[in-house]
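Structure record follows, encoded as structure tokens.
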Amino acid sequence: MRLSVAIADKARSRHDETAEILEIIGEVRGKNAMIVDDFCLSGGTLVALSRQLKSNGAKRIFASLSHLPLSEAGIKNIVDSDIEFLISTDSAPIGAPLDFARFKIVSAAPLFAEVVGRMHRRQSIGDLMDVVPESMLSGLSAV
């Protein structure tokens, strides 16, 4: 399957969570958008980007993060935004209870266990960058 890619160009004028979305490079009109980022604290950048994607004609907006150390205010910001669904790992403590209708948290433990097992068996862990073993995807069928 071939998917389109768009890139958000952002700038930070201060050393905080405030970022300005300068432009979206690529066409999003009439498409569903998946925001991919490393983490967020306040939800500010994700919310600003979701607004910009909507104004550029994106149909539905989702987000995927590696870590989710969100504050209570950050959770409220995302719940009140155009982001329909956010998926992340449990690799960092989450600062407040989540509305699980909007958030899906996936355990990082199977990945860590797979890496440790491969190291013990002297197998490559680089393969995990290309193919995720089926055993690590349990629990995602409801997504």
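The values are calculated or read from the model by the stated rules, or taken from the named source; none is laboratory data. Values in this document were obtained by computation on a predicted structure and should not be read as measured data. Glycine gets a Cβ as well: all are built from the backbone with ideal geometry, and neighbour counts include every protein chain shown. For the accessible areas, the whole protein counts, side chains as well, though only heavy atoms, and no ligand, DNA or RNA atoms are used. Shrake-Rupley method; radii C 1.70, N 1.55, O 1.52, S 1.80 Å.
Structural remarks
- For I87, nonlocal amide neighbours, meaning residues 5 or more places apart or on other chains whose placed amide H falls under 5 Å from its own, are A63, S64, L65, K104.
- The angle separating the long axis of helix 109-120 from the principal Cα axis of greatest extent in the chain is about 40 degrees.
- Net charge, S66 excluded, C-beta distance under 12 Å - Lys, Arg +1, Asp, Glu -1: -3
- Within straight-line cross-link reach of K76, aspartates and glutamates at Cα separation under 17 Å, skipping those fewer than 8 residues along the same chain: E17, E84, D99
- Shown in residue order for the stretch 68-77 are the 3J(HN,Hα) couplings computed by the Karplus curve 6.51 cos²θ - 1.76 cosθ + 1.60 at θ = phi - 60°: 9, x, 6, 7, 4, 5, x, 4, 4, 4 Hz (x for Gly and Pro).
- About its Cα centre, the dipole of the chain is roughly 280 debye, where the only charges are +1 on Lys and Arg Cβ and -1 on Asp and Glu Cβ.
- Per residue, the accessible area of the chain comes to 65 Å², computed with a 1.4 Å probe over protein heavy atoms only.
- Built amide H within the under 5 Å cut-off of K10, gap 5+: L22
- Formal net charge of residues neighbouring N56 (Cβ-Cβ distance under 15 Å; K, R +1; D, E -1): +3
- Amide hydrogen neighbours beyond the local backbone of A33, cut-off 5 Å, H modeled: K59, R60, I61, F62
- Note on S66 and I21: the model spin-label points, each 7 Å out from Cα along the C-beta direction, lie 2.2 nm apart.
- Whole-Hz couplings from phi, Karplus 6.51/-1.76/1.60, listed for the stretch 29-46; x for Gly and Pro: 4, x, 10, 7, 10, 10, 7, 10, 8, 7, 7, 8, 9, 9, x, x, 5, 4
- Rg/Rh for the chain (Cα atoms only, Rh after Kirkwood) is 1.01.
- Ordering of 24-35, 73-84, 115-126, 93-104 by burial proxy (mean other Cβ atoms within 10 Å per residue, highest first): 73-84, 24-35, 93-104, 115-126
- Maximal additional length on extending the R118-K104 stretch stands at 2.3 nm, based on 0.36 nm per residue less the C-alpha distance.
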